[in-house]
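No value in this document is a laboratory result; all are computed from the given coordinates. All of these numbers come straight from a predicted model, not from anything done at the bench. Positions of Cβ are generated from backbone atoms using ideal geometry, with glycine treated the same way; all protein chains shown enter the neighbour counts.
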Amino acid sequence: MNKKTLRDVELKGKRVIMRVDFNVPVKEGVIKDDTRIQGALASIKYVIEQGGKLILMSHMGRPDEKGITGDTTMKIVADYLGKLLGKEIVFVADCAAADAEVAAMKDGDIVMLENTRYHKEEQAKCKQKDGESDEDFKARKAALKDQQKELAKKLASYGDIFCNDAFGTAHRAHASTAVITKYIGTSVSGFLLEKEIEYLGNAVENPVRPFVAILGGAKVSDKLAVVKNLLNKVDTLIIGGGMAYTFLKAMGHQIGNSLCEDDQLEYAKEMLASAKEKGVNFLLPVDTVVADKFDAEANTQIVGQDIPEGWMGLDIGPQTVELYSNAIKSAKTVVWNGPMGVFEMEKFNKGTFGVCAAVAEVKANGGISIIGGGDSVAAVNKSGLAPKMSHISTGGGASLEYLEGKELPGVVSLNDK
Ligand code: AMP
């Protein structure tokens, strides 16, 4: 990566304000999954060991939509992290009012700020209201952006160095992820962010071939830009999940009641033609597990590429699993984002777990396997095959935007090496 990291700067005695992704699931005050906290530990420990003063900040949940609730306070994470590190963590109940606590810090101390999204200007999201004139909307938006700058300045004032280790929000230009870099002298990457960008960056820009990408999930429209960008990079593109049926319909197949986005049919045709022109092996399901309703107890059967009236495709069939697995196993680089079917229901999980098993062989064969966040990560964890993957991304949205070829504001704003 061409961005500076924590290793490139002197930390002794310095105040390091670090954006982490502590957006963990919490229920009734209890953290249900601490993967994201564990992921940030390397950077946290490094700053402390080097004698820095560490100020941590993150968002959790969507307090702006639900109102401030007990389960979105960072105090829960501060207590948890304190126990994990065996160290007192000073919690500050307003992320923009930490002057006294930061001034009192000694080398090696940790302060954790309250949820940054308790301030609406962190995201500065702004939608035109019904009946609001264009002019009023513009003015409101500009005022919110000004407030965002003020919050970013305030957060910047707590540090000598900004460190971004939150890959999960790196695709957002928020006060604490990107705007802050305008108001602080030094901005570097943490180790987690560095690792994410190295894996994804190498895979996309410099892949060891054959390079196979697997895309699944519900909607084509969510992955339009990803398909388009990846067609310029991959040797094989594998499509599964609900998004496959729009492509099959575009090819002239019957798809029954399966998910379909009719407004994307033209796009699907263009992509199929583009794959042909570029010589990309574009794989679609050759058989499908269909159901008579969207239900865990539905009647099912396996059909070919045409789905009978009254039935819907909810998983790829066994021949498709074999076809996809063979393509995957011969790859040297694999990127996977999105399940092959409705894997939450047992009757429709074999496609996703079959693909998962094939992806798990890539690393053992000397290749690189990258799981791109979201539901594919849940499937990999559920299968117990997580240790066999080269890299499991901590950010679904961010990794998708990266695969689209977009620059991530939380990365580009850091200092170059
Ligand atoms: P996404 O958020 O786009 O990655 O989509 C994930 C969701 O797609 C999961 O909840 C799956 O159950 C769902 N999904 C996958 N395949 C299908 C399908 N054939 N029909 C309906 N939903 C599907």
Quiz item: So how do 144-155, 234-245 stack up, highest first, on mean other-Cβ count within 10 Å?
Solution: 234-245, 144-155
Quiz prompt | Point-to-point label distance, K149-D8, nm (Cα→Cβ direction, 7 Å offset) | solution = 2.7
Quiz item: Nearest 20 debye, what's the magnitude of the dipole of the range 1-107 about its Cα centre given +1 on Lys and Arg Cβ and -1 on Asp and Glu Cβ?
Solution: 400
Exercise. Report, to the nearest 10°, how far helix 134-157 tilts away from the longest principal axis of the Cα atoms in the chain, using its own Cα long axis and a range of 0 to 90°.
Key: 60
Practice problem: Sort L400, L408 so the one with the fewest other Cβ atoms within 10 Å of its own Cβ comes first. | Solution: L400, L408
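Between A364 and T35, what FRET efficiency follows from the Cβ-Cβ distance if R0 is 30 Å, with the result rounded to 0.05?
0.80
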Practice problem: Show which aspartates and glutamates lie in cross-link reach of K83 when reach means a straight Cα distance below 16 angstrom and same-chain residues fewer than eight apart are skipped. | Solution: D33, D34, D109
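In nm, what is the difference between 0.36 nm times the number of residues separating I302 and E277 and their Cα-Cα distance?
5.8 nm
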Quiz item: Between Rg and the Kirkwood Rh of the range 36-190, both from Cα atoms, what is the Rg to Rh ratio?
Solution: 1.00
Quiz prompt | Gain upon complete extension [K382, A357; 0.36 nm per residue less C-alpha separation] | solution = 7.8 nm
Practice problem: Kindly state, as a whole number, the per residue volume in cubic angstrom of the convex hull around the alpha carbon atoms of the range 69-160. | Solution: 105
Quiz prompt | Isotropically averaged projected area of the range 1-109, using the convex hull of Cα atoms (one quarter of hull area), nm² | solution = 7.7
Exercise. Name the residue farthest towards the positive end of the dipole of the range 212-276 from the options S258, G216, A275, assuming +1 on Cβ of Lys and Arg, -1 on Cβ of Asp and Glu, about the Cα centre.
Key: A275
Quiz item: Assigning unit charges at the beta carbon (Lys, Arg +1; Asp, Glu -1) and nothing else, what dipole magnitude in debye, to the nearest 20, does the range 59-138 show about its Cα centre?
Solution: 360
Quiz item: How do I255, I17, I392 line up, fewest other C-beta atoms within 10 Å first?
Solution: I392, I255, I17
Quiz item: Cα to Cα, under 19 Å, and not fewer than 8 places away if on the same chain: which lysines meet these conditions relative to K417?
Solution: K3, K4, K182, K195
Exercise. Could you check the simple spin-label distance between E309 and D263, using points 7 Å along Cα→Cβ, in nm with one decimal?
Key: 2.8
Self-check item: Positive-end residue, the chain charge dipole about Cα centroid, Cβ charges, pick of T320, Q305, V377
Solution: V377
Quiz prompt | Derived scalar couplings ³J(HN,Hα) [the range 296-301; Karplus, 6.51 cos²θ - 1.76 cosθ + 1.60; whole Hz; x for Gly, Pro] | solution = 4, 9, 4, 6, 10, 7
Quiz item: By how many degrees, between 0 and 90 and to the nearest 10, does the Cα long axis of helix 350-364 differ from the longest principal axis of the chain?
Solution: 70
Quiz item: In the P(r) worked out for the range 123-212, what percent of Cα pairs fall beyond 22 Å?
Solution: 47
Practice problem: List the pair-distance distribution P(r) of the range 305-379, using every Cα-Cα distance, as the percent of pairs falling in each 10 Å bin from 0 up to the bin containing the longest distance, rounded to whole percents. | Solution: 20, 48, 25, 6, 1
Self-check item: Between helix 318-329 and the chain: long-axis angle, C-alpha atoms, 0 to 90°, nearest 10
Solution: 50
Self-check item: Other-chain or far-sequence residues with amide H under 5 Å of I214's (modelled H)
Solution: I238, V335, W336, N337
Quiz item: How are the Cα pair distances of the chain distributed, in percent, across 10 Å bins from 0?
Solution: 5, 21, 27, 23, 17, 7, 1, 0
Self-check item: 222 nm mean residue ellipticity, helices alone, for the chain (DSSP H n ≥ 4; -39,500 (n - 2.57); rounded to 500)
Solution: -11000 deg cm²/dmol
Quiz item: Toward the positive end of the charge dipole of the range 171-249, about the Cα centre and with charges on Cβ (Lys, Arg +1; Asp, Glu -1), which of H171, G240, L230 goes farthest?
Solution: G240
Self-check item: Total formal charge among the other residues, if their Cβ is under 11 angstrom from that of T288, Lys/Arg +1 and Asp/Glu -1
Solution: -3
Quiz item: How big is the gap, in Å, between the Cα center of the range 38-65 and the Cα center of the range 167-226?
Solution: 19
Practice problem: Using the structure shown, list the pairs from K87/K127; K125/K382; K269/K332; K12/K75 with a Cα-Cα distance above 32 Å, or answer none. | Solution: K87/K127; K125/K382
Practice problem: Mind sorting H59, H391 by how few other Cβ atoms lie within 10 Å of their own Cβ, fewest first? | Solution: H391, H59
Exercise. Hey, can you grab everything whose amide H is under 5 Å from the amide H of T186? Only 5+ residues off in sequence or another chain; H modelled, so Pro and N-termini drop out.
Key: F162
Exercise. Of all alpha-carbon pairs in the range 253-293, indicate the percentage at a distance above 13 angstrom.
Key: 65
Quiz item: Based on the alpha carbon coordinates of the range 362-410, what radius of gyration and maximum Cα-Cα distance (Dmax) apply, in Å?
Solution: 11.9, 35
Quiz prompt | Rule-of-thumb Rg ratio for the range 172-305 [Cα; 2.2 N^0.38 Å; N residues] | solution = 1.37
Quiz prompt | FRET efficiency estimate (nearest 0.05) - Cβ-Cβ, E49 to K406, R0 30 angstrom | solution = 0.30
Exercise. Would you list which aspartates and glutamates come within 19 Å of K276, measuring only between C-alpha atoms, while excluding same-chain residues fewer than 8 positions from it?
Key: D235, E266
